[in-house]
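I have a structure I would like to understand better, so I am pasting it below and will then ask my questions one at a time.
The values are calculated or read from the model by the stated rules, or taken from the named source; none is laboratory data. Small disclaimer: the values here were computed from a predicted structure and weren't measured. As a convention, Cβ positions derive from the backbone with ideal geometry for all residues, glycine included, and neighbour counts pool all protein chains shown.
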Amino acid sequence: MPRFPRIAVAALLRRLVRGERPEDLLRDYPQLTLEDIQEALAYAAWRLEEEAHALA
């Protein structure tokens, strides 16, 4: 699980889907690193895979 519980992974994903760049997130959330954003994406992908397996 990502190490930054105060920022919801879904909130980061919504902004990226809207076309914002990781640099925008880093500017608005200075406590994050690019690695944090990558971890958030990996976590979201893992959760989606788990959900897909549960529905199969």
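Among the residues of region 35-56, write down those that are of a type outside the set (Gly, Ala, Ser) and modelled with pLDDT of 90 or more.
Initial filter on region 35-56 (of a type outside the set (Gly, Ala, Ser)): 35-39, 41, 43, 46-51, 53, 55.
Answer for region 35-56, where residues must be of a type outside the set (Gly, Ala, Ser) and modelled with pLDDT of 90 or more: Glu35, Asp36, Ile37, Gln38, Glu39, Leu41, Tyr43, Trp46, Arg47, Leu48, Glu49.
Please go through region 16-34 and pick out each residue that is surrounded by 15 or more Cβ atoms within 10 Å (Cβ to Cβ) and either modelled with pLDDT of 95 or more or among the aliphatic types (A, V, I, L, M) (or both). Quick ask: steps written out before the conclusion?
Initially, region 16-34 is screened for residues surrounded by 15 or more Cβ atoms within 10 Å (Cβ to Cβ), giving 16, 22, 25-26, 29, 32.
If the condition is that a residue be surrounded by 15 or more Cβ atoms within 10 Å (Cβ to Cβ) and either modelled with pLDDT of 95 or more or among the aliphatic types (A, V, I, L, M) (or both), then Leu16, Pro22, Leu25, Leu26, Leu32 are the ones that fit.
Collect the residues in region 9-46 that are in contact (Cβ under 8 Å) with a residue 12 or more places away in the chain and not hydrophobic (A, V, I, L, M, F, W, C), keeping them in residue-number order.
Answer for region 9-46, where residues must be in contact (Cβ under 8 Å) with a residue 12 or more places away in the chain and not hydrophobic (A, V, I, L, M, F, W, C): Pro22, Tyr29, Gln31, Asp36, Glu39, Tyr43.
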